[in-house]
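Beneath this line is the structure, given in C-alpha cells, with notes to follow.
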Amino acid sequence: MSDPAVSQARAPRRRLLLVAVLLVPLALVSLLVGAGPLPLGTLLSDPQALQVLAVSRIPRTAAVLLTGAAMAVAGVIMQLLVRNRFVEPGTTGTSEAAMLGLLAVTLLAPGAPILVKMLAAAGAALAGTGVFMLLARRIPPHQVLLIPLSGLVYGGLLMACATFIAIEAGLLQYLGVWMSGEFSGILAGRYELLWLAGGLALLAYFAADQFTIAGLGRDVSLNLGLRYGRVLGFGIVTVSLVSSLVIVTVGMLPFIGLVVPNLVSRLMGDNLRESLPVVAAAGAGLLLVCDILGRVLRYPYEIPAGTVFGIFGAAVFLYLLLGRQANG
Amino acid sequence: MIQVSNLSFGPAANPILQGIDAEIPAGRVTALIGPNGAGKSTLLKLIARQLTASSGRIRMDGMDLAQTVPAQLACKMAVVAQHLSVASRVRVRDLIGFGRWPHSAGRLGVADHAAIANAVELFDLGDLQTRFLDELSGGQRQRAFIAMAYVQDTDWLLLDEPLNNLDLHHARNLMAQLRHLTELQGRGIVIVVHDLNYAISWSDHVVALRDGKVAFQGPVAAAATAERLSALYQTPVAITRLGGQPFAQYHR
Ligand SMILES: Nc1ncnc2c1ncn2[C@@H]1O[C@H](COP(=O)(O)OP(=O)(O)OP(=O)(O)O)[C@@H](O)[C@H]1O
Ligand SMILES: [Mg+2]
C-alpha cells in the first residue's frame, strides 16, 4: 500500500534531474552556435573568442533560459488561478496591456530609463490582467473554451487600441519589436532585467502550495484557511511583472506559458511543489531548442525564437484541444 | 454549539434565507433536510463563510463567526461542498495532505503523515491514492474530499450531501465513520441529506428548511414525525420500525 506512495515521491525528482541533465548539452550547443564560428579547440587560447562568449553567447543563452523558465512559470500560475488549462499571459490580455503601458511611457517620457518603462508596462499589465480576472469570473467555469476565447477577444481589443495609438504617433516599428520575441540583439548589459524575472519565478516556488490550493477553487482555499485574495493578488502581480520584463527585454513570446505547463501537467499533475521546477526547466529547455533552431535553420540568417516556438506551440496546442475533446 | 440567529441572505424583495433561527448541538450528528432549493446549501455556505449574510449572526462555540480570521476558522471547522468541480490535476494523497495545511502550513510531520495514512485507510482510498482527481469517478472524488476534511481534524465537520454519489457500502461506511467521530471524539457534524432513512437512523438532531425558513428542528425522535415530514416534502411519509430502527416509507 505504501509502495506507490513512495515511488510517487521519487518520480518528480527523477524527472527534474532528467530535464536538468538535458539542459547542459543544450546550453553548450547554444554557446557554440552563432553567426561567427567558435571552434572549441582554440576557444580558451583565443581572447577574441572569449570576448564573443562573454559579451554575446553567454548572455544570450542565459536570457533564453531565464525567459523560458519564467514564462512557463507565469503560465502555470495563471492556469491555476483562473482554473482553466487554456490561459496564459498571451491569452488574458496581460501582454497586450503591457504593450499599451510601454507605448504610453514611450510617448510621454521617451527618455525614461528601462526600469521605469518596465514598471509602466507592469502597471498596465496588472490592470489588464485584473480586468480579465473580473471578466473570467462571470463565465461559468464549465465553459472551458469560452474563457480563453474571451481572453483572446479582450487581448485583441487592447492590441487594436495599441496599434491605433502607435499608428497615430508613428511608433508602429516599436510595436513590431515588442511583438516578436527574439534574442539576436541580446548582449551583456542589455538583458540583466531577465534575472529579475527568474528571481520572481523562484519566489513563486515558495508559494507553490498556496497556488496549488488556490487551483482547487475559492471554497476549498477558504476551508483550508488560505487568504485566497492575497494568493490571487500575489499571482497576478508575479505574472504581470514577468510578462512585462520579458516584453521589455526580448519581446512577446506566446505559447510557452500555455504549452509547457500542459505538457508537464499531463505527466505529473499540478502539485506545484513537485512540478514547478520541472515546468521551469522544461520551459527553459524548449525555448533554447527553438532559439538554436532559429539560428541554424537559415544560417547565417536568424528566425526569431518566438516564431519557431509559435509553430511548435500552435501544433501542440491544437493537439491538446483535440485530445481533450476525444477524452470527453 | 452553532447558534444561528435571525439570519437572512439574498435580496430583501426575494430572500433565499429569511430570519433563520437554529441551534445545532456540539458533539452530535445533525441532519439538515428539506426540499430542493430550500436553502440548505446556502445555510451551510454561510456557516462556512463562503457567503456573507445580509443580516443576522452565526456563533460557533461562542465565537462570532464574522469576527474570526480564515486561518483560525480552518482549525475549527471543515467543509465539503455539494458540487466538487475540479479543474486541476492533483493526486488523491496530495489532496488529503492539504487537509493538514491549517496545522502544518505545508511541512508535513510524522503525525501528519500518520493522519493521512489513516484517512486513506478509513475511506478506502488505498488503490486510488496516487491517481489524479480529474481521473476519478464522482463518488471516488467525493470520498477523497471527505478524507481531506477528515484529516483537518476540526471540532466541526460540515458535509453537503456527502452521500450523493456513494454506493450502498461506502454510504453506510461514511455514516458509521461520522457516528464514530461524534461518539468517540465529540465532533459536531452537520450533514445535508435527502435520504430520510439515513437522516433518521444515523443522526441525533434535525433541522428542516423549507422556502428559506426553518420548518422544524429538534432531536430526531421528537421532531421528525411522519406528519411534519409529509408536510415538509408534500409527500406522504409513514414512519414504521424495522429491526428496531425507525424506517421512513415514502417510495410508493
Ligand atoms: N448562485 C445563485 N444565484 C441565485 N440564486 C441562487 C444561487 N444559488 C442558489 N440559488 C437559489 O437559492 C435557493 C436555495 O438554494 P440552495 O442551493 O441553498 O438549495 P438546497 O436546499 O441546497 O437545494 P438542493 O437540495 O437542490 O441542493 C434556491 O432557490 C436557488 O435557486
Ligand atoms: Mg444543496
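No lab work stands behind these numbers, since they all come straight from the coordinates. Fair warning: this is a prediction, and the values are worked out from it, not measured in the lab. Neighbour counts are summed over all protein chains in view; Cβ atoms, including those assigned to glycine, are modelled from backbone coordinates with ideal geometry.
Counting, for every residue in B:114-121, the Cβ atoms of other protein chains within 10 Å of its Cβ and taking the mean gives 1.
Using a 10 Å cut-off on Cβ to Cβ distances, tally the other chain neighbours for every residue of B:92-100 and report the average as a whole number.
Mean number of neighbouring Cβ atoms from other chains: 4.
Using a cut-off of 10 Å between beta-carbons, work out the net charge of the residues near B:Ala115 (Lys and Arg +1, Asp and Glu -1, B:Ala115 not included). Present the calculation step by step, with values, prior to reporting the outcome.
Working: positive: B:Arg100; negative: B:Asp112, B:Asp153.
Summing Lys/Arg as +1 and Asp/Glu as -1 gives -1.
What the Kirkwood sum gives for the protein assembly as shown is a hydrodynamic radius of 26.4 Å, with every pair of different alpha carbons counted.
Cβ crowding within 10 Å ranks B:Thr240, A:Thr67, B:Thr130 as B:Thr240, B:Thr130, A:Thr67, fewest other Cβ atoms first. Farthest toward the positive end of the dipole of chain A, out of A:Ile292, A:Tyr174, A:Ala280, is the Cα of A:Ala280, where the dipole comes from beta carbon charges about the Cα centre.
Peptide packing for B:37-44, B:58-65 was compared via the average number of neighbouring C-beta atoms within 10 Å per residue; ordered from the highest value, the list is B:37-44, B:58-65. Neighbour counting of Cβ atoms within 10 Å sorts the residues A:Leu16, A:Leu286, fewest neighbours leading, into A:Leu16, A:Leu286. Of the peptides A:100-107, A:221-228, the ranking by mean beta-carbon count within 10 Å, highest at the top, reads A:221-228, A:100-107.
Residues whose amide H falls under 5 Å from that of B:Asp61, counting only those 5 or more places apart or on a different chain, are B:Ile2, B:Gln3, with hydrogens built in the peptide plane. With an 8 Å cut-off on Cα pairs and a minimum separation of 6 or more residues, tell me the relative contact order of the stretch A:56-326 in percent. RCO, the stretch A:56-326: 33 percent. Packing here is the average count of other Cβ atoms within 10 Å per residue, and on that basis the peptides A:138-147, A:186-195, B:23-32, B:93-102, highest first, run B:93-102, B:23-32, A:186-195, A:138-147. Couplings for the stretch B:102-116, taken from phi via the Karplus curve 6.51 cos²θ - 1.76 cosθ + 1.60 with θ = phi - 60°, read x, 8, 10, 6, x, 9, 7, x, 4, 5, 4, 4, 5, 4, 5 Hz in order; Gly and Pro are left as x.
For chain B, count all C-alpha to C-alpha pairs, find those more than 26 Å apart, and express that count as a whole percent of the total. For chain B, the fraction of Cα-Cα distances above 26 Å is 40 percent.
For A:Ser180, the residues 5 or more places off, or on other chains, whose built amide H falls under 5 Å of its own are A:Met252. Entry note, the stretch B:1-124: relative contact order of 21 percent, from Cα contacts under 8 Å with a spacing of 6+ residues. For the stretch B:78-153, a crude dipole built from +1 on the beta carbon of Lys and Arg and -1 on the beta carbon of Asp and Glu, taken about the Cα centre, is about 180 debye to the nearest 20. The ratio of the alpha-carbon radius of gyration of the stretch B:78-153 to the globular-protein estimate 2.2 N^0.38 Å is 1.00.
How many partner chain Cβ atoms sit within 10 Å of a residue's Cβ in peptide B:129-136, on average, as a whole number?
Counting Cβ atoms of other protein chains within 10 Å of each residue's Cβ and averaging gives 4.
All alpha carbon pair distances within the stretch A:56-326 were sorted into 10 Å bins beginning at 0; the resulting P(r) in whole percents reads 7, 32, 37, 19, 4, 0. Between B:Asn14 and B:Ala66, what's the calculated FRET efficiency when r is the beta-carbon distance and R0 is 35 Å? Round to 0.05. Once rounded, the FRET efficiency stands at 0.90. Applied to the stretch B:215-228, the Karplus parametrisation 6.51 cos²θ - 1.76 cosθ + 1.60 on θ = phi - 60° returns per-residue 3J(HN,Hα) values of 7, 7, 7, x, x, 3, 4, 7, 8, 8, 8, 4, 5, 5 Hz, with x for Gly and Pro. Our summary gives chain B a relative contact order of 26 percent, counting only alpha carbon pairs under 8 angstrom and 6 or more residues apart.
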